[in-house]
Amino acid sequence: MTTEIELHGARTGNCLRAAVTFEEAGLPYTPVWLDLRHGAHGASDYLSLNPAGKVPTVVDRRGAGEPFVLTQSNAIMLWVADQRPGLLLSVDDPAQRATTLERYFYFITDVIERSRAAFQVRKSGDHAGSAYLDQVALEAAVFSEIFLKDSEFMAGDRFSIADIAGWTILSFFEPHIDWSGRPRLRHWLDTVAARPAVRRGMHAYDGVVSNSNGDRR
Ligand SMILES: N[C@@H](CCC(=O)N[C@@H](CS)C(=O)NCC(=O)O)C(=O)O
């Protein structure tokens, strides 16, 4: 079934984080898979949506006139959260909202961005620099257990966008973490992994139709 909102992307961390947010928000969307290996993100029809040639991109055709187009995974997450006020980001409690954003941006900037930088530095051939950045990102990821000191989730007793940002990167780091002595973080990782919406989001691009040539994966 197609919907009026498309999420163009692939099986990358940025896209899956956005897909999990759609699923958790219960906002109907159609994942449109781009074959990055064959350069679908450089095709002119896609560049007209996202001139940087990056994924993900949202195309929202619900309104009259031209579709609304949004790029940047973290802006997409906030936009999706705004579609369901109060569900994934508080709207009526400023302190709660600020704490959620504090932790959301902690994962985005101190963990995910450093991990991305490590990947880019590795591609340049600087393996020592890459290993250092990976280590810094991993340490920051593990440090987040402190957010679970008095609560079930990263920003309090309700699941939020901070959990989505944190879980997608911590689940990626999972094999590299020494889990002994980290029961709260372990419990949170498993609890979030078991959420049906998280599972669906992580599989958003399994077997979906490409927008570039109609091929199936
Ligand atoms: N800051 C952007 C980064 C987008 C980005 O770099 N996406 C990667 C995949 S995670 C991409 O499109 N890579 C393909 C390429 O650079 O060729 C976001 O968060 O959406």
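The values are calculated or read from the model by the stated rules, or taken from the named source; none is laboratory data. Computed from a prediction, not measured in an experiment: that's the story for all the values here. No Cβ is skipped: glycine too gets one built from the backbone with ideal geometry, and neighbour counts run over all protein chains shown.
Key figures for this structure:
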| item | result |
| --- | --- |
| Residue list for the stretch 102-124, filter: assigned to a helix (DSSP H, G or I) and surrounded by fewer than 18 Cβ atoms within 10 Å (Cβ to Cβ) | Glu102, Phe105, Thr109, Asp110, Glu113, Arg116, Ala117, Phe119, Gln120, Arg122, Lys123 |
| Residue that is part of a helix (DSSP H, G or I) and of a type outside the set (D, E, K, R), where the choices are Val20, Val55 | Val20 |
| Conditions (1) in contact with a Ser or Thr (Cβ under 9 Å, 6 or more places away or on another chain); (2) hydroxyl-bearing (Ser, Thr, Tyr); (3) free of Cβ contacts under 8 Å to residues at least 12 places away in the same chain; number of the one not met by Thr100 | (3) |
| Scan of the stretch 75-131 for residues that are within 16 Å of the ligand (Cβ to nearest atom), of a type in the set (A, V, I, L, M) and in the same structural domain as Phe159 (by TED's automatic domain parsing), ordered by number | Ile108, Val111, Ile112, Ala117, Ala118, Val121 |
| Restricting the stretch 171-209 to residues that are in a loop (DSSP other than H, G, I, E, B) and of a type in the set (Asp, Glu), the residue that is farthest from Val111 (Cα to Cα) | Asp206 |
| Scope the stretch 1-17; condition within 13 Å of the ligand (Cβ to nearest atom) and in a strand (DSSP E or B); matching residues | Leu7, His8, Gly9 |
| Options Pro67, Pro51, Pro31: the member that is within 16 Å of the ligand (Cβ to nearest atom) and more than 19 Å from Val208 (Cα to Cα) | Pro51 |
